[in-house]
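Colleague: Please see the structure below; I have some questions.
What follows draws every value from the coordinates through simple rules; no lab data is involved. In this text the structure is predicted, and so the values were computed from the model without any measurement. Here the Cβ is made from the backbone with ideal geometry for all residues, glycine too, and neighbour counts use every protein chain on show.
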Amino acid sequence: MKRRVLVGVSFVAFTVAAACSDSATILPIVVDSGTDAPVNPGVDAGSDATTLPDTGPTEEERTLTFRAQVGDKAFSCTGGPWTGLGTSAASADIVDFRLYVHDVKLIAQDGTEVPFTLKQDGKWQYQNLALLDFEDKTGTCANGTTETNVKLVGTAKAGTYKGVKFKLGVPFALNHADPAKAPSPLNVTALFWAWNSGYKFARIDARVDVDGTPSPFLIHLGSTGCQGDPAIGETVTKCDQENRGEISLAGDPFAKPILVDYKSLVAASDLKVNGSGPPGCMSGMDDPECPALFPKLGVDATTHLPNAAQQALFRAE
């Protein structure tokens, strides 16, 4: 027997005698050389790919906290009467303090706006909307609810932030529906006007002492001049005065609570005087108390569009 070795395999050659011939034919037979190399089970030997390090989650859950104030004092339904309010330094009890916010964005260190995605809790937050409720149905807040909500819980890209912005009110797409069928927190009938005008974006009501007589001063922010009435099968297509406020605050929004200050809101208003119509501001075009309040709520008093320039209700601590 003769042996010849080829690259990678061994061939064994041997002579087979043909039955009718003296000649011999050399036939190669392939034989496993028995030199298989061990393989690391965790490595694809035929790939140049490398394993990337785990960089961790790109988003994290965060909480924005709010605190109702009256000047330098924390608000409570049993804390009044509050003094030195407005241009006439009025004394008043606050009887309701609730508002809707939506479209929350965080301001990154490079100035970009990062969406703050609200957690869908089935109660206080729905889609990009949340209800802040500072009254607890005690003391002067007899017409409110026992539960309060002073925070927004959501997720955002991990990192540090130098500001926050959001809108005061209910988005147009959610504003004109039946509150009896709406998901929470849009099912609060005390914060609803009518299908045509929609929700009260903010309801901040006070009872003012006017020469010894309690007199209401109501602040109800909402859209007016809306076209279409869902109550009779129509669709609301637009509102002439949208009256949604814009809020923009500088500073780390997670470091301290965001203050919601009633005293700053009414600083340019005379709470003891009612020019005409319902006392306070019902967001009407001809309501004489509204022009002093709209800018403080982040609403342009002329265009009725969002304008954060003179906003004073919210401030960083």
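Colleague: Under the rule of at least 5 residues apart or a separate chain, name every residue whose amide H is placed under 5 Å from the amide H of ARG62.
Modeller: GLY154, THR155, ALA156
Colleague: Is the stretch 231-317 best put as rounded, prolate or oblate by its Cα gyration tensor, with a ≥ b ≥ c the root eigenvalues, rounded for a/c under 1.5, and otherwise prolate when a/b is larger than b/c, oblate when not? Spell out each step's value before the answer.
Modeller: Values: a/c = 2.36, a/b = 1.31, b/c = 1.80.
Oblate shape, in that a/c is at least 1.5 and b/c is the bigger or equal ratio.
Colleague: Let me ask something else about it. Name the shape class, rounded, prolate or oblate, that the alpha-carbon gyration tensor gives for the stretch 74-158, where a ≥ b ≥ c are the square roots of its eigenvalues, rounded holds for a/c under 1.5, and otherwise prolate holds if a/b is larger than b/c and oblate otherwise. Display every interim value, and only then the final one.
Modeller: Working: a/c = 3.59, a/b = 1.75, b/c = 2.06.
Verdict is oblate for the stretch 74-158.
Colleague: Net charge around ALA206, counting only other residues with Cβ within less than 14 Å of its Cβ (Lys, Arg = +1; Asp, Glu = -1)?
Modeller: Details: positive: ARG98, ARG203, ARG207, LYS263, LYS272; negative: ASP93, ASP96, GLU135, ASP205, ASP209, ASP261, ASP270, GLU289.
Net charge in that neighbourhood comes out at -3.
Colleague: Using the Karplus curve 6.51 cos²θ - 1.76 cosθ + 1.60 with θ = phi - 60°, what ³J(HN,Hα) values do you get for each residue of the stretch 65-77, in whole Hz, with x for Gly and Pro?
Modeller: 10, 10, 9, 6, 10, 10, x, 9, 10, 5, 6, 8, 5
Colleague: Working out 0.36 nm times the residue gap between ASP72 and THR138, then minus their Cα-Cα distance, what length gain in nm do you get to one decimal? Numbers along the way, then the final one.
Modeller: On the way: separation 66, 0.36 × 66 = 23.76 nm, distance 2.14 nm.
Net length gain for the segment: 21.6 nm.
Colleague: Same structure again: Can you flag which of LYS167/LYS238; LYS263/LYS296; LYS151/LYS238; LYS157/LYS200; LYS137/LYS167; LYS151/LYS296 are past 20 Å Cα-Cα?
Modeller: Numbers: LYS167/LYS238 18 Å; LYS263/LYS296 11 Å; LYS151/LYS238 31 Å; LYS157/LYS200 32 Å; LYS137/LYS167 26 Å; LYS151/LYS296 22 Å.
From the list (LYS167/LYS238; LYS263/LYS296; LYS151/LYS238; LYS157/LYS200; LYS137/LYS167; LYS151/LYS296), the Cα-Cα distance tops 20 Å for LYS151/LYS238; LYS157/LYS200; LYS137/LYS167; LYS151/LYS296.
Colleague: From the square roots a ≥ b ≥ c of the eigenvalues of the alpha-carbon gyration tensor of the stretch 165-206, which class results: rounded (a/c under 1.5), prolate (a/b over b/c), or oblate? Please report the intermediate quantities before stating the final value.
Modeller: Values: a/c = 1.59, a/b = 1.19, b/c = 1.34.
Oblate, since a/c reaches 1.5 and b/c is not below a/b.
Colleague: For ASP211 and ARG62, calculate 0.36 nm times their separation in residues minus their Cα-Cα distance, and state this gained length in nm to one decimal. All intermediate terms of the calculation are to be shown ahead of the outcome.
Modeller: Details: separation 149, 0.36 × 149 = 53.64 nm, distance 4.73 nm.
My answer for the length gained is 48.9 nm.
Colleague: I need the peptides 279-285, 186-192, 105-111, 216-222 ranked by packing, meaning the mean over residues of other C-beta atoms within 10 angstrom, with the highest value on top. Could you put the intermediate results ahead of the total?
Modeller: Working: 279-285: 19.3, 186-192: 17.0, 105-111: 14.7, 216-222: 23.1.
Most protected by this proxy first, the peptides run 216-222, 279-285, 186-192, 105-111.
Colleague: May I pose another question? Rounded to the nearest 20 debye, what is the charge dipole size of the stretch 64-112 about its Cα centre when +1 sits on each Lys and Arg Cβ and -1 on each Asp and Glu Cβ? Walk me through the numbers on the way to the answer.
Modeller: Working: 4 positive and 5 negative charges, 15 e Å.
For the stretch 64-112, the charge dipole is close to 80 debye.
Colleague: Right, here's the next one. Give me the log10 of I(q) over I(0) for the stretch 67-216 at q = 0.08, 0.12, 0.21 Å⁻¹, as the Debye formula computes it from C-alpha points; what are the numbers?
Modeller: -0.28, -0.61, -1.25
Colleague: Quote the charge dipole size of the stretch 59-316 about the Cα centre in Debye, to the nearest 20; the model charges only the Cβ of Lys and Arg (+1) and of Asp and Glu (-1).
Modeller: Numbers: 24 positive and 30 negative charges, 113 e Å.
So the dipole magnitude of the stretch 59-316 works out to roughly 540 debye.
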